[in-house]
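Asks: Encoded as structure tokens, here's the structure I'll be asking about.
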Amino acid sequence: MAKNTVWRLLRRNISAGQIAGYALANLVGLAIVLTAVQFYRDVTSVWDDEDSFISKDYMILSKRVSGIGSFMGAGDATRFSSDEIADISSQPWARKVGSFSSAAFNVYAKVDFGGASMGTALFLESIPDDFFDVSPEGWDYEPGRSDYVPVILSKDYLSLYNFGFATSRGMPQVSEEVIGMVPLQFSLSGNGRQEWINARIVGFSSRLNTIAVPEEFMQWANHTFSDTPAENPSRLIVMLDRPGDPQAESYLEEHGYETAGDRADNGKAAYFLSLVTSIVIAVGLIISLLAFFILLLSLYLLLQKNREKIHQLMQLGYSPSQVARYYHYIVLSVNGLVLVVALAVMLIASHSWQSSLEALGVEASPAWPTILIGVAIMSLISIGNLVAITRTVRKDF
């Protein structure tokens, strides 16, 4: 009975309009934040798909070739020195840098397919395993013990064969699974030696435009079939900290480096998406922060209006904490309602764009991490409100 009397006494000067204004502002801000976070999480799942238009976390660097290049003795000008590699590695946008190692010996490949034998000169390269976008079985090599050399081929090469060479020559087209079963042999020669070894295509890369072999094989073969010292790499692969970082683009232009394919343009799309999402989240947080101060101002004015009543309650033996508790109920009730409605808005918005993402082959991310973020944000706002109310009551009364 006493509690109901105290509550009726304190709530007389509560402005429903001020509370509604705070709730609306907080709802708008929180809904914007949670919706932007969920959209960002859904869309960034595209980046994990190597065939995606926006999955461009890596770039391959090379130097520009001017004139007739190495015919004029300028071959070393297109290679990266150790100082240049170290400088690229030290850039804030470069998370990791790897070097392409090239074969310093002659490679001839022969394949028997459909009763016909074909052969051609090849080039081989290797890079650290961390930079591959595929992890096929059998991707290892031990000199003298392995039955074959595993090879990762660019998907573009298979497309060129199927839709260019094969169709024009009346030859059969092959799938990735079939070509992995085709018997392949490499003839390695150099340094006065020649050897035939078996090879097998074990995977296809969308990231690398090359014919890749394990580093262990490349080191052994260069040591066995070449007596020339190891040369500096002519290509580098860089794992970016953020796709499409403008600092990376400026650095490449300043040093005259080139990137393979259209990765730079596609990286800009990822960077633009990240930037826009960050701006939207920032706007939502600012709105929520303004709503926080609106509530504090409203509660301060309310406390001033109830100043005389609060003094009377204090004289009757009520403590500041007991008086503040009634205002705590108001804040927690409003914030709880705001959180529930904001989460509902986020879930409805997420459901609305899921069909569009599924049409692009993108699987939506689960909503529970975003829900936890919403609970954490509202908990911080509520704690701030409760602390401010308690301090105001104790300070002024």
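Asks: For segment 198-252, which positions are free of Cβ contacts under 8 Å to residues at least 60 places away in the same chain and closer than 20 Å to K96 by Cα?
Replies: Those that are free of Cβ contacts under 8 Å to residues at least 60 places away in the same chain and closer than 20 Å to K96 by Cα: P246, E249, S250.
Asks: Can you name every residue in segment 145-167 that is closer than 15 Å to F186 by Cα and not charged (D, E, K, R)?
Replies: So the first thing to find is which residues in segment 145-167 are closer than 15 Å to F186 by Cα, and the list is 146-153.
S146, Y148, V149, P150, V151, I152, L153 - these are the residues of segment 145-167 that are closer than 15 Å to F186 by Cα and not charged (D, E, K, R).
Asks: When segment 249-285 is examined, which residues are found to be among the small types (G, A, S) and modelled with pLDDT of 80 or more?
Replies: So in segment 249-285, the residues among the small types (G, A, S) come out as 250, 256, 260-261, 264, 267, 269-270, 274, 278, 282, 284.
Listed by number, the residues that qualify are S250, G256.
Asks: Here is a further query. Check segment 127-141 and report whether any residue there is in a strand (DSSP E or B), within 30 Å of V238 (Cα to Cα), touching a Ser or Thr at 6+ places or on another chain (Cβ under 6 Å) and among the acidic types (D, E). Spell out the reasoning first.
Replies: Quick first cut of segment 127-141, residues in a strand (DSSP E or B) only: none.
The answer is no; no qualifying residue exists.
Asks: Additional query: Quickly run through segment 107-138 and pick out the residues that are hydrophobic (A, V, I, L, M, F, W, C), surrounded by fewer than 13 Cβ atoms within 10 Å (Cβ to Cβ) and modelled with pLDDT under 85. Reasoning before the result, please.
Replies: Taking segment 107-138 as the starting set, the residues that turn out to be hydrophobic (A, V, I, L, M, F, W, C) are 107, 109, 111, 113, 116, 118, 121-124, 127, 131-132, 134.
Among the residues that remain, those that are also surrounded by fewer than 13 Cβ atoms within 10 Å (Cβ to Cβ) are: 116, 118, 121, 123.
Matches in segment 107-138: A116, M118.
Asks: Please count how many residues of segment 3-46 are charged (D, E, K, R) and either in contact with a Leu (Cβ under 9 Å, 6 or more places away or on another chain) or at pLDDT 75 or above (or both). So that I can check it myself, show each step before the final result.
Replies: Initially, segment 3-46 is screened for residues charged (D, E, K, R), giving 3, 8, 11-12, 41-42.
From what is left, the residues that are either in contact with a Leu (Cβ under 9 Å, 6 or more places away or on another chain) or at pLDDT 75 or above (or both) are 41-42.
Summing the residues that are charged (D, E, K, R) and either in contact with a Leu (Cβ under 9 Å, 6 or more places away or on another chain) or at pLDDT 75 or above (or both) in segment 3-46 gives 2.
Asks: Something else now. Check G384, G374, G336 and return the single one that is farther than 25 Å from D42 by Cβ and at pLDDT 85 or above. Show your work before the answer.
Replies: On the way: G384 fails: at pLDDT 85 or above; G374 fails: farther than 25 Å from D42 by Cβ.
Checking each option against the conditions leaves just G336.
Asks: Give the residue that is surrounded by the most Cβ atoms within 10 Å (Cβ to Cβ), with candidates limited to residues of segment 77-92 that are over 14 Å from A230 (Cβ atoms) and touching a strand residue (DSSP E or B) at 6+ places or on another chain (Cβ under 8 Å). First the steps, then the outcome.
Replies: Within segment 77-92, the first condition is being over 14 Å from A230 (Cβ atoms), and the residues that meet it are 77-78, 83-84, 86-92.
Next, from what is left, pick out any that are touching a strand residue (DSSP E or B) at 6+ places or on another chain (Cβ under 8 Å): 77-78, 88-89.
Numbers: A77: 13, T78: 16, I88: 20, S89: 13.
For segment 77-92, the residue satisfying everything is I88.
Asks: On to the next question. Does segment 168-179 include one or more residues that are modelled with pLDDT under 90, surrounded by fewer than 20 Cβ atoms within 10 Å (Cβ to Cβ) and in contact with a helix residue (DSSP H, G or I) (Cβ under 6 Å, 6 or more places away or on another chain)?
Replies: yes
Asks: Among the residues of segment 338-361, are any surrounded by 19 or more Cβ atoms within 10 Å (Cβ to Cβ), in the same structural domain as V43 (by TED's automatic domain parsing), among the β-branched types (V, I, T) and more than 19 Å from G29 (Cβ to Cβ)?
Replies: Looking for residues that are surrounded by 19 or more Cβ atoms within 10 Å (Cβ to Cβ), in the same structural domain as V43 (by TED's automatic domain parsing), among the β-branched types (V, I, T) and more than 19 Å from G29 (Cβ to Cβ), one finds none in segment 338-361, hence no.
Asks: Tell me which residues, restricted to segment 139-167, are more than 35 Å from the chain's Cα centre (by Cα), surrounded by 12 or more Cβ atoms within 10 Å (Cβ to Cβ), in contact (Cβ under 8 Å) with a residue 12 or more places away in the chain and over 17 Å from A212 (Cβ atoms).
Replies: P143
Asks: Then there's this: Kindly indicate whether any position in segment 154-173 is β-branched (V, I, T) and part of a loop (DSSP other than H, G, I, E, B).
Replies: At the first step, the residues of segment 154-173 found to be β-branched (V, I, T) are 167.
Then drop every residue that is not part of a loop (DSSP other than H, G, I, E, B), which leaves none.
No, there is no match, as no residue in segment 154-173 is β-branched (V, I, T) and part of a loop (DSSP other than H, G, I, E, B).
Asks: Could you look through segment 100-145, keep only residues that are of a type in the set (D, E, K, R) and out of contact with any Gly (no Cβ under 8 Å at 6 or more places or on another chain), and pick out the one that is farthest from Q219 (Cα to Cα)? Outline the logic, then answer.
Replies: Pass one, segment 100-145, residues of a type in the set (D, E, K, R): 110, 112, 125, 129-130, 133, 137, 140, 142, 145.
Next, only the ones that are out of contact with any Gly (no Cβ under 8 Å at 6 or more places or on another chain) stay: 112, 125, 129, 133, 137, 140, 142, 145.
Details: D112: 28, E125: 11, D129: 14, D133: 22, E137: 21, D140: 13, E142: 11, R145: 15 Å.
Here the answer is D112.
The values are calculated or read from the model by the stated rules, or taken from the named source; none is laboratory data. The structure displayed is predicted, hence computed values, not measured ones. In this analysis, Cβ positions are derived from the backbone assuming ideal geometry, glycine residues included, and neighbour counts consider all displayed protein chains.
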